[in-house]
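*Asks:* One structure, as structure tokens, below. Some questions next.
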Amino acid sequence: MNHRQAGPDRMIFQPIDTVARFGPAVLEFESAMDRGAGPPIPVWVGPRSDLNHGIALAADLYDGIHRPPGCDLGVVVGAGVPEELRRFARPLARTWAGEGTALEDTEGSLLIVGCYADLRAAVVRPVLEDAYRRGRDVFLLTGRDLNSLSWAIAKQYAEMTTEAPTGLFTEIDESPQPTRAPYFHAGRLDSADIRALVLERTWGRILFNGHGTDDSVNLGQFTVCGLSPAVAGDPPAPGPMCAYGLGCYKPMDKLIAVHRVRAAEIVLSGCDSGPLVDLASYGPGHQLLLNAIDGPARTVVAALSMHQSGRVENLLWLDSAGREGSTARVLNESLRDIHPYPSFIQAGLPGSGRVQSPSRPAGREADPAPWHRQAELRALVRTVSARLQGFLTTGLLSPRHGLRDRLERTAEEIDSSATRLVMGLAAEQRLLMRSLEADLRSLDRALAERVAEDPDDDIMEFPRFFGHRSSVAEEDVTTTPCVCGRPAWRYVRRGFTARVPDTVALGCLRCGPVGYALAGGVTVRGWAADSVTAGGTLRVEAEVEAVRSGEAQVGVSVPGILRARIGPPLHRVRLRAGEPRRVAFDVGVDGTAAPQEYHYTVFAIQDLGISVLRHHFGVLPDTGRLWAR
């Protein structure tokens, strides 16, 4: 049932300062809706005066009141949600389950209501994974506190009846897209005032696609920023640079405060833009998702962790308006060939008529495919040949790469030697094995030295490069403990063509894609403290384990923006198949390093097989040095 605004002096939302006044206002609103009337939608603002700014912006966005289609089932998590808010949310689901219900065993679309602090991975992750397997819609209504939650619920009753444009802004996609919608790809971002364009218009739907983290999504020189005016004081460490009064890593006049974006639906398609509370790196004061919810947006779609959403997902999103199901499900379905787990969550209901979604039968949990061992030389020749083909013939390495000539010579030698004559004679096999192993040890060392000197060497682009030319082998998806102790997905990505080698990936909701390796490569594990003070030393311990006995090169790298000295640069490790070996590195952080989140990468190379393990850590400010500035 829809109700248009009666006139210019008719308010859509009514801010209320106390819960005592909010309760009767909810009853009055509920009664009026049943009679076909439509008084202003109550919002329990309480002490949160900043929410009034979002309400003011919403007056330019919504011009009507409606009763949204309810989800099949709703549940409230967290004991602190008062009855007034529970009653306010009640029309948004047809039935409500008690807290503690096994939600994975229920059917139909699901609505989860609760403050952000109560949306912990132990509660929400199993539901999201089950819904992902079955194609079930899950919607969240949440906020940084009860007042934000009240505002999130209130916006579900607001309607946008006038036509508004759809906008897409992407740093990832470099190609133009013929569409009537504003489509600002990477080539156009620096030729327009994106900040003014975003903030000065009213949008029906808008998507921001760029590299980012909990607190920002990058769009070239511009940044969609999650810093909230609602939170002041020192954040939990580590925080972004601005949390310590050190300004922003981007120009301040290029920041786009997400709570000021006037759009009914905002998609934050950047890594970690919507992590669950115990999976977040930064505190609520810098969370993009929470900041967007405090603004006028009725629906906010954000990324649980790191992901590889790009042009394909962007175009699907453009075409998804009005379709049944949530925006998050559209994006998750598209990413199934890259990530065998849910990448996006949705806070807020979709437009009218798009809530209900049938459940698909749960897919059979597949066991990992068995490994079949072959004769050592034949296996080594095939493995190394495939890796060389992937390096040399797919475009991964530039024509001027410093090791291309050596790699090409090795590939030619293998091709000329791998004949029935050589492979079938024991003496010839021994000669080939000795020659090949010597070449591989030398090449492994040369590659490792390049990576230690320049972590951005072409060769280290293999996860992204081969991943875009591969698809997840669903029969090879398993779980294993992550460095942080939470379960992580381990899965194989098979190349679409024979030239693209298979890769193995490890993904964690807390830490993101923590590991990549060429299939059959060394297994890498690593440990370090969660944080280090600027000027201190981070001790990184690495454990490597090979499927083939031999020599491996092991090193550690950190982002170039972090001033640090690593010692030793490399370890040459002699391995026995199946027997782990440990080595250690000291990352000496410069005293002038900016306090924020960084990551270290442990890499190992054996037989041209590269394995990397990435894990984050925070640099905390040296308070003595900070105050001395």
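The values are calculated or read from the model by the stated rules, or taken from the named source; none is laboratory data. Everything quoted here is computed from the prediction, not taken from an experiment. Counting neighbours? That spans all protein chains shown, and the Cβs are built from the backbone with ideal geometry, glycine included. Side chains are part of the model used for accessible areas, which takes the heavy atoms of the whole protein and leaves out ligands, DNA and RNA. Shrake-Rupley method; radii C 1.70, N 1.55, O 1.52, S 1.80 Å.
*Asks:* Please find the FRET efficiency linking Ser416 to Arg464, where r is the Cβ-Cβ separation and R0 is fixed at 35 Å, and quote it to the nearest 0.05. Please report the intermediate quantities before stating the final value.
*Replies:* Numbers: r = 32 Å, r/R0 = 0.93.
Taking R0 as 35 Å, the efficiency between Ser416 and Arg464 is 0.60.
*Asks:* Something else: On the accessible surface of segment 1-152, probed at 1.4 Å, how many percent belong to carbon and sulfur atoms?
*Replies:* 54 percent
*Asks:* Enumerate cysteines in the chain without a disulfide-compatible partner, where compatibility requires another Cys Cβ under 4.7 angstrom.
*Replies:* Unpaired cysteines in the chain: Cys71, Cys115, Cys225, Cys242, Cys248, Cys271, Cys484.
*Asks:* Quick one: Debye curve from the C-alpha atoms of segment 366-497, no solvent, what's log10 I(q)/I(0) at q = 0.10, 0.15, 0.16 Å⁻¹?
*Replies:* At q = 0.10, 0.15, 0.16 Å⁻¹ the computed log10 ratios are -0.45, -0.95, -1.04.
*Asks:* With N set to the residue count of segment 1-139, report its C-alpha Rg divided by 2.2 N^0.38 Å to two decimal places.
*Replies:* Dividing the Cα radius of gyration by 2.2 N^0.38 Å gives 1.16.
*Asks:* Give the calculated FRET efficiency between Asp63 and Cys484 to the nearest 0.05, with a Förster radius of 41 Å applied to their Cβ-Cβ distance.
*Replies:* Working from the Cβ atoms, E equals 0.35.
*Asks:* Rolling a 1.4 angstrom probe over the protein heavy atoms, how many square angstrom per residue are accessible across the chain?
*Replies:* With all protein chains present, the chain gives 42 Å² per residue.
*Asks:* How many angstrom separate the Cα center of segment 550-611 from the Cα center of segment 187-226?
*Replies:* The two parts, judged by their Cα centres, are 35 Å apart.
*Asks:* Further question: How large are Rg and Dmax for the chain when only the alpha carbon atoms are used, in Å?
*Replies:* That works out to 26.8, 94 Å for Rg and Dmax.
*Asks:* Helix 146-155 versus the longest principal axis of the chain: what angle, 0 to 90°, nearest 10, using Cα atoms?
*Replies:* 80 degrees
*Asks:* Under 25 °C and 0.890 mPa s, how fast does segment 482-629 diffuse according to Stokes-Einstein, given a Kirkwood radius computed over C-alpha pairs? Answer in µm²/s, whole number.
*Replies:* Stokes-Einstein gives a translational diffusion coefficient of 151 µm²/s.
*Asks:* Once you put a point 7 Å from the Cα of Arg188 and another 7 Å from the Cα of Asp590, both along the Cβ direction, what distance in nm separates them?
*Replies:* Label-label distance for Arg188 and Asp590, simple model: 3.9 nm.
*Asks:* In nm, to one decimal, how far is the Asp17 label point from the Glu579 one, both placed 7 Å along Cα→Cβ?
*Replies:* Taking the simple label geometry, Asp17 and Glu579 are separated by 7.5 nm.
*Asks:* Over the Cα atoms of segment 180-325, what radius of gyration and what Dmax do you get, in Å?
*Replies:* 14.7, 45
*Asks:* With a Förster radius of 41 Å, plug the Cβ-Cβ distance of Arg539 and Ala102 into 1/(1 + (r/R0)^6) and report the FRET value to the nearest 0.05.
*Replies:* So the FRET efficiency works out to roughly 0.45.
*Asks:* Of the heavy-atom accessible surface of segment 199-285 (probe 1.4 angstrom), what whole percent is carbon and sulfur? Display every interim value, and only then the final one.
*Replies:* Details: 1570 of 2850 Å².
C and S fraction of accessible area: 55 percent.
*Asks:* Once fully extended, how much extra length lies between Thr161 and Arg563, figured as 0.36 nm per residue of separation less the alpha-carbon to alpha-carbon distance?
*Replies:* Taking 0.36 nm per residue and subtracting the Cα distance, the gain is 139.4 nm.
*Asks:* Note down the magnitude of the dipole of segment 29-154 about its Cα centre, charges +1 on Lys and Arg C-beta and -1 on Asp and Glu C-beta and zero elsewhere, to the nearest 20 debye.
*Replies:* Magnitude of the dipole: close to 20 debye.
*Asks:* May I ask you to order 252-262, 580-590 by the average number of other C-beta atoms within 10 Å around their residues, highest value first?
*Replies:* Ranking the peptides 252-262, 580-590 by packing returns 252-262, 580-590.
*Asks:* Counting each DSSP H run of 4 or more residues in the chain as -39500 (n - 2.57), what helix-only mean residue ellipticity at 222 nm follows after dividing by all residues, to the nearest 500 deg cm²/dmol?
*Replies:* After summing the helix terms and dividing by residue count, I get -8000 deg cm²/dmol.
*Asks:* So for each of 401-407, 41-47, 491-497 I average, over its residues, the number of other beta carbons within 10 Å; can you give me the resulting order with the highest mean first?
*Replies:* On the way: 401-407: 15.3, 41-47: 22.4, 491-497: 18.1.
In decreasing order of mean packing, 401-407, 41-47, 491-497 become 41-47, 491-497, 401-407.
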